[in-house]
Each structure stands twice: as C-alpha cells, then as structure tokens.
Amino acid sequence: MWMQWGEQRDYMDATWKCGSVLASLFVFVNLVGQLGSCVLVLIRKYVGIACGILFGIITLQSIAYIVLWDMKFFLKNLALTGGVILLLAESKSEGRSLFAGLPSLGENTPKTYLQLSGRILLVFMFLTLLRFEMSVLLFVQNAVGAALILLIAVGYKTKLASLILVLWLTALNFYSNAWWNVPDNQYHRDFLKYDFFQTLSVIGGLLLVVALGPGGYSMDEHKKKW
C-alpha cells in the first residue's frame, strides 16, 4: 500500500468515481488497519480486536476491489478469512461452562467452533487451483488435491494433510505468482503480487492447523474416544 499509494488511490478513484480524498482515505485505512493489526498479533496484545479489524479489512477490500463478482478471488478471500479465524482460535482460551458446577462436554467451546469453521474455509483456496483439462498430470494433481482437501474438511489425518498442502501450495505460489519477474509497467504484476501475499497468508493458516490440530469436531478427535 505504501509503495503504491498513488496507483491504489487512482484505481479506487477511477473505479468508484469517489474523488482523490476518499480514495486516499481508503488506502490509508487499509494500510493502518493491516499494519496495526499485524503488530498487535505479533506482540500478542488485543488479538481479538486485531482479528476483528482484519475481518473488516477483508470485507472492505472484497467490496472495493469488486472481488465479490470474481469467483476465484472470492474463494481466496474466504480462505483468507479462515486463516484469520484460526488465528483467533489460537489466541482464545477454552470457554467455560455456562452452568457452574456442571461438567462440560469439552467439545462445545468457542475455540472448537472457530477451528471447525476456519478449517473448512481454508479449503476454498484449493478449489481455485483445480483445473479441468484433458491431461493425465492435471488429473492426478486434481485427484490428490481433492483428497487432501477432503481430509482437512472432515479432520482426518489433518496435520499430515495440511503439511502436504503447505508444501504443495508454497511451490505453486512461487511458480505461478512470480511477480518479481514481471516488469513494473505491467498491471499484471500487481495482481500477481496481491495473489502471492494472499496465498502466503493462507499458508500461515494451514500452519496453524498443523500446530493446533483440527479441533474437537473432527475424525482425528473422535478416534481418540474409540
């Protein structure tokens, strides 16, 4: 945002005809909101508030950049939201029982619900990678990707499946979104850069799944009771 202040402002002004003042305000809110929230998360202060701000920034960007009408970018924003939800779950302490003195089931906690929703939203990222073309290699890639997505969604072998997807997505990200190889004067560079860093954020969400596990609502957790 800081390095491309003028370009971002001009884009917003040209798209929404809102004038340079409102366009500059939009860029400023995005810059401060993202940087401020990241700093709060890193120093482990007011993480809930920081996640709330990040939710607002994602929603604002989805509307401002007309992402809602582009299915690929919309699914990636959903996956990014899943990463923020998992970040919130990681910082959230286990909820207490609503009824003092009664035993808790241990599963029905806010953290468990957040882990479930964040885990499911993350898989939307990989739906954008599926390519339906007549190729044996692509068929194998789609089949393996779909299997890993299903494992994460139902919470079976979740950490292993998430780790494999982290490696796979990292390789695809550096190969497909190599914005540093595109000249500065080509607008396609900005889209690749946006996609690159957004994908990195989703990778961070998957690493949270690797670290925290799938949560209470998963096959991995229920296997422990069998």
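Observations, loosely collected:
- Residue that is least open to solvent (accessible area, probe 1.4 Å) [pool: residues in region 201-226 that are more than 30 Å from GLY6 (Cβ to Cβ) and among the hydroxyl-bearing types (Ser, Thr, Tyr)]: SER218
- Scanning region 173-184 for residues that are exposed (fewer than 11 other Cβ atoms within 10 Å of the Cβ) and either touching a Gly at 6+ places or on another chain (Cβ under 8 Å) or of a type in the set (Ser, Thr, Tyr) (or both) yields one hit, TYR175.
- Test set (1) over 19 Å from VAL47 (Cβ atoms); (2) open to solvent by 50 Å² or more (accessible area, probe 1.4 Å) - TYR113 fails condition number: (1)
- Just one residue in the set LEU167, LEU121, LEU138, LEU148 is part of a helix (DSSP H, G or I), open to solvent by 50 Å² or more (accessible area, probe 1.4 Å) and of a type outside the set (Lys, Arg); that residue is LEU167.
- One residue stands out among those in region 185-200 that are in contact (Cβ under 8 Å) with a residue 24 or more places away in the chain and either surrounded by fewer than 17 Cβ atoms within 10 Å (Cβ to Cβ) or of a type in the set (A, V, I, L, M) (or both): the one that is nearest to VAL84 (Cα to Cα), which is LEU200.
- Restricting attention to region 18-72, the residues being part of a loop (DSSP other than H, G, I, E, B) and either open to solvent by less than 70 Å² (accessible area, probe 1.4 Å) or β-branched (Val, Ile, Thr) (or both) number 5.
- Odd one out for LEU130, checked against (1) modelled with pLDDT under 85; (2) in a helix (DSSP H, G or I); (3) under 30 Å from GLY216 (Cα atoms): (2)
- Of everything in region 2-17 that is at negative phi and not in a helix (DSSP H, G or I), the residue that is modelled with the lowest pLDDT is TRP2.
- Once region 175-197 is narrowed to residues that are among the polar types (S, T, N, Q) and more than 15 Å from GLN4 (Cα to Cα), the residue that is modelled with the highest pLDDT is ASN181.
The values are calculated or read from the model by the stated rules, or taken from the named source; none is laboratory data. Note that the coordinates shown come from a computational prediction; the quantities given were computed from them, not determined experimentally. We place every Cβ from the backbone using ideal geometry, glycine too, and count neighbours over all the protein chains shown. These accessible areas exclude ligands, DNA and RNA; they are computed on the full protein's heavy atoms, side chains included. Shrake-Rupley method; radii C 1.70, N 1.55, O 1.52, S 1.80 Å.
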